[in-house]
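Accompanying notes for the structure given below.
The values are calculated or read from the model by the stated rules, or taken from the named source; none is laboratory data. This one's a predicted model, so the numbers in the text were calculated from it and none came from an experiment. Cβ: placed from backbone, ideal geometry, glycine included. Neighbour counts: every protein chain shown.
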């Protein structure tokens, strides 16, 4: 069944909350334009994102670093040094510098339309990203705070 973007992203939020372990269910969300959702814990600039690229027919899921250029570079370097560990759990994940000095650790999947099947896969993928990367993100932020 085809889902409206608002229903898809509401379902993603609800499904993610149900799928994550109790310790990770306290996330916050923001909705961007009509076809994305951002999920974060401490800093909105470091957030998980699901973004439907309608023109490409793809759904992107990943961890985005959208702070200052220096912080984004530090996060990029931190995660680059751990990509073997990351890829053991997220084999399709790619780490790359991105627009405006941002960086992202992400993957995309076929999603010409938003439906129940894409939603189920998105919930699973995003939950795996959060469970895998949140401990590393917390370590990065702890080290960053200790060095400031």
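Among 81, 56, which is without any contact (Cβ under 8 Å) to a residue 60 or more places away in the chain and over 25 Å from residue 120 (Cα atoms)? Talk me through it step by step, then tell me what you get.
Numbers: 56 fails: over 25 Å from residue 120 (Cα atoms).
Answer to the check: 81.
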Checklist outcome for this item: Within segment 97-119, the residues that are assigned to a helix (DSSP H, G or I) and loosely packed, with under 13 Cβ neighbours inside 10 Å are 99, 100, 116, 117
Checklist entry - Which one of these does residue 136 not meet: (1) farther than 26 Å from residue 6 by Cα; (2) in contact (Cβ under 8 Å) with a residue 24 or more places away in the chain; (3) in a loop (DSSP other than H, G, I, E, B); (4) within 14 Å of the chain's Cα centre (by Cα)? => result (3)
Checklist entry - Restricting attention to segment 33-76, which residues are in a strand (DSSP E or B) and over 24 Å from residue 6 (Cα atoms)? => result 65
Checklist entry - Here are 70, 10, 18: which of them is under 26 Å from residue 144 (Cα atoms) and surrounded by fewer than 17 Cβ atoms within 10 Å (Cβ to Cβ)? => result 70
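Suppose we filter segment 22-32 for residues that are surrounded by fewer than 13 Cβ atoms within 10 Å (Cβ to Cβ) and more than 24 Å from residue 3 (Cβ to Cβ); how many remain? Steps first, answer last, please.
So the first thing to find is which residues in segment 22-32 are surrounded by fewer than 13 Cβ atoms within 10 Å (Cβ to Cβ), and the list is 22-23, 25-26, 28, 30, 32.
Of the ones still in play, those that are also more than 24 Å from residue 3 (Cβ to Cβ) are 22-23, 26.
Matching residues across segment 22-32 total 3.
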Next on the checklist: Restricting to segment 37-56, name every residue that is surrounded by fewer than 18 Cβ atoms within 10 Å (Cβ to Cβ) and touching a strand residue (DSSP E or B) at 6+ places or on another chain (Cβ under 9 Å).
Outcome noted: 41, 44, 45, 53, 56
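May I ask you to verify whether residue 88 is at pLDDT below 95, loosely packed, with under 15 Cβ neighbours inside 10 Å, on the phi < 0 side of the Ramachandran plot and assigned to a helix (DSSP H, G or I)? Don't jump to the end; show me each part of the working.
Details: at pLDDT below 95: no; loosely packed, with under 15 Cβ neighbours inside 10 Å: yes; on the phi < 0 side of the Ramachandran plot: yes; assigned to a helix (DSSP H, G or I): yes.
Taking the combined requirement at face value, the residue does not satisfy it.
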